[in-house]
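Please treat every number below as a calculation from the coordinates, not as lab data. Only a predicted model underlies this, so the values are computations on that prediction, with no experimental measurement involved. Here the Cβ positions follow ideal geometry from the backbone for every residue, glycine too, while neighbour counts run over all protein chains shown.
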Amino acid sequence: YHDRVTRCVTLAVASVATWDATVAQQVIATKRELAAQERRLHLDHLERLRSGNEETRATTTVHIDAISDLTRIVRHAARIAYAVLGRVQSDASEPPNGA
């Protein structure tokens, strides 16, 4: 999950550096995929808790906090991508210079 979040942030930075709508769309698609993975991670964690895994019980707070923090980072990356898409769309609607 961490590696995929890192990739998402890298794409968001690339999209704003180049104002590339295609890259921004990749960030949005990655956000959707990561949301599904986040749900699976939480469900897997709950299953480990139900099974009585002591290590899982001892590290629950760290696990939940880490996933939540990484998810928040993904949301910020998506906001960057949405801003790029808004800029690209508004640039496309403006007449060329001198028109």
Candidates for Rg/Rh (Cα atoms, Kirkwood Rh) are [x] 1.13; [y] 0.94; [z] 1.21, and the calculated one carries label [z]
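As a test of the formula, what do you get for the chain when each DSSP H run with n ≥ 4 contributes -39,500 (n - 2.57) and the sum is divided by the residue count, at 222 nm and rounded to the nearest 500 deg cm²/dmol?
Value at 222 nm, helices only: -30000 deg cm²/dmol.
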The set of residues whose placed amide H lies less than 5 Å from the amide H of T59, leaving out same-chain residues fewer than 5 positions away, is none
Residue by residue through region 45-53, the couplings from Karplus 6.51 cos²θ - 1.76 cosθ + 1.60 with θ = phi - 60°, in Hz, x for Gly and Pro, are 5, 4, 5, 5, 5, 4, 6, x, 5
Taking the alpha-carbon centre of each part, the distance from region 68-82 to region 1-64 in Å is 10 Å
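Evaluate E = 1/(1 + (r/R0)^6) for R39 and D3, where r is the Cβ-Cβ distance and R0 equals 22 Å; express this FRET efficiency to the nearest 0.05.
Details: r = 18 Å, r/R0 = 0.82.
The calculated FRET efficiency here is 0.75.
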